[in-house]
1. Residues that are in contact with a helix residue (DSSP H, G or I) (Cβ under 8 Å, 6 or more places away or on another chain) and closer than 30 Å to E196 by Cβ: which helices (runs of 4 or more DSSP H) entirely in the range 208-326 hold 3 or more of them?
2. Looking at this structure, is L305 in contact with a Pro (Cβ under 9 Å, 6 or more places away or on another chain), farther than 30 Å from R436 by Cβ and not charged (D, E, K, R)?
3. Criterion first (in contact (Cβ under 8 Å) with a residue 60 or more places away in the chain, touching a Pro at 6+ places or on another chain (Cβ under 9 Å) and either hydrophobic (A, V, I, L, M, F, W, C) or not assigned by TED's automatic domain parsing to the domain that holds D457 (or both)) does M24 satisfy it?
4. Just one of the numbered conditions (1) closer than 17 Å to F123 by Cβ; (2) surrounded by fewer than 19 Cβ atoms within 10 Å (Cβ to Cβ); (3) charged (D, E, K, R) is not true of R95; which one?
5. Can you name the number of the only condition in (1) outside any helix (DSSP H, G or I); (2) β-branched (V, I, T); (3) buried (at least 16 other Cβ atoms within 10 Å of the Cβ) that I376 fails?
6. So which residues in the range 405-422 are surrounded by 16 or more Cβ atoms within 10 Å (Cβ to Cβ) and either under 18 Å from Q366 (Cβ atoms) or out of contact with any strand residue (DSSP E or B) (no Cβ under 6 Å at 6 or more places or on another chain) (or both)?
7. In the set I5, I27, which member is crowded, with 19+ Cβ neighbours inside 10 Å and more than 39 Å from the chain's Cα centre (by Cα)?
8. Identify, from the list N264, N283, N259, the residue that is in contact with a Phe, Trp or Tyr (Cβ under 8 Å, 6 or more places away or on another chain) and at pLDDT 85 or above.
Amino acid sequence: MLNSIHIKDFAIIEQLDLELKSGMTVITGETGAGKSIVVDALGFALGARADSGMVRHGAKRAEISAVFDIEKLPQVLTWLEEQMLDDEQDCILRRVINHDGRSKAFVNGQPVNLTQLSELGDFLVDIHGQHEHQSLFKPQTHLQLLDRYAGLSDNAAELANLAKSIHKTQNQLSDFKTALKDKNDRKDLLNYQLEELSQAPIDRVEQIESEHKRAANASQLLGKGQANLAALSEDEQSISSMLNSVAGQISELYSIDENLKNANDLLQSVLVEIDEASSELRNYLQSIEIDPAQFQQLDEELSVLHDLSRKHQTHIQALPETLASLQNELNQLAGDEASFEELEKELAGLQTKYQKLATGISKKRQTAAKRLNKEIVELMSQLGLGSGVFEVAFNVQPPDGFKANGLETVEFMVSTNPGQKPMPLRKVASGGELSRISLALQVINAQTTQLPTLIFDEVDVGIGGGTAEIVGNLLQSLGEKAQILCVTHQAQVAAQGRQHLLVAKSQTKDSTSNQMIEIANDDRVEEIARMIGGVEITETIRNHARELLNNE
């Protein structure tokens, strides 16, 4: 619960220190006294957006501190521990707003950002404002109220996250499909190119080049080879004949002079080499065939290889490497298809989980709606709308839409006159009726909360008399399970508070400020009497005030 609040230089408050009690605390004061300023200040301490207009005129900064007892709030203790902001059993929120609009926030003396402060505030306080019924004009808030009443807020949040994951995965799949279409086109091209390369003789490039070159020059090789073979050993005046004659003469001389041994040996060796060369050349010439068909085949194979090299912008010798590279790319594309299938399985799993959760939530919403209808009608009757009808209308959505709010939307339907068909709440004309319906919803909503502190800021606008007393009873009963702070202008409500705080505004020539003090006994009688009204507060009015307080 909220133990205390310290406010300095905020709006028209110069300095205020409040000690708060459990149960129901009422805040009253004359119109324009600034009863709601404390609520506004607490809102800023809980993370509301600030601006320079919140700083009291002439001050450098405004400061708000709120101290909460969190001993019995395990969720808060866990959050503080996770954020490394824990500090024994109290939780101190502090907000400083500079005159230029910049602000700083602290939890237990440690700086935090507004997101953290707001998240923590959601665990501590629930504020119901006098204009809360305006949000009831928006059907999207109706489902939130129903889920909160049904205890489905966490389930609804899980469902919304599932829907978000589904749509994210669907978008990924859509992008994947587009990419795969491009990849499939690429895959088709790769398959064609691989088949083309596989059918080409890319593994015999050097052999084909060599054979093609030989076949292209076969006539030249044969003609010149034969001429040189004749000159070497087959003509009458061939090199071999002349060399034999010379070698014979040297051999005779060698028999006379052994100093010619080396010359004789070399000549004999040369004769052997010439014979062997002639034999090799003769065999070679016998292997040469002028085959136009073979040449054409080699020419076609070489042409194919050169075409492929131009197509792949590489040398014909590198075509085997190109084949390997294209095969690797094709294998990778096959892996992408496997990833796509995994993503499809993931999506199917999410959708199945969504349908199961959404169906369960839908059934619980239907059940809770029947209870809510009954309870709201009972409260409407207590609040002076005895002939009122309240219904939660369900609008079914396509199950394959995977909407964040589930399988349906809801809208609150109301009839305040006998025989009148229930109409959307946003079409209720009477502001007084709308205020009472809003109050009924807020009371029901507050009954389902687990928060330790509930604030009602002039939610009793537009009611009076016995209805106001009923509102006071409702708020007092809520005070048995949570701390209630109620800003009110109804004497019947104020009289039922356990603690009564009075706001008074004072003005001088140069400044305006207000004070808030706790009142009791005669002071409280005087305030309740003032709220009952009259040009002059008579003893009769005071007695009425005492009666209200005694009935508290």
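The values are calculated or read from the model by the stated rules, or taken from the named source; none is laboratory data. On a predicted model such as this, the values are computed, not experimentally measured, just so you know. Glycine gets a Cβ as well: all are built from the backbone with ideal geometry, and neighbour counts include every protein chain shown.
1. Details: elements: 218-229, 239-256, 261-287, 292-311.
Answer list for the range 208-326: 292-311.
2. Values: in contact with a Pro (Cβ under 9 Å, 6 or more places away or on another chain): yes; farther than 30 Å from R436 by Cβ: yes; not charged (D, E, K, R): yes.
When the stated conditions are applied, L305 passes them.
3. Values: in contact (Cβ under 8 Å) with a residue 60 or more places away in the chain: yes; touching a Pro at 6+ places or on another chain (Cβ under 9 Å): no; either hydrophobic (A, V, I, L, M, F, W, C) or not assigned by TED's automatic domain parsing to the domain that holds D457 (or both): yes.
So M24 fails the test.
4. (2)
5. Every condition holds for I376 apart from (1).
6. Here is the first cut: in the range 405-422, the ones surrounded by 16 or more Cβ atoms within 10 Å (Cβ to Cβ) are 405-416.
Passing the criteria: N405, G406, L407, E408, T409, V410, E411, F412, M413, T416.
7. Details: I5 fails: more than 39 Å from the chain's Cα centre (by Cα).
Criteria check complete, one pass: I27.
8. Values: N283 fails: in contact with a Phe, Trp or Tyr (Cβ under 8 Å, 6 or more places away or on another chain); N259 fails: in contact with a Phe, Trp or Tyr (Cβ under 8 Å, 6 or more places away or on another chain).
Checking each option against the conditions leaves just N264.
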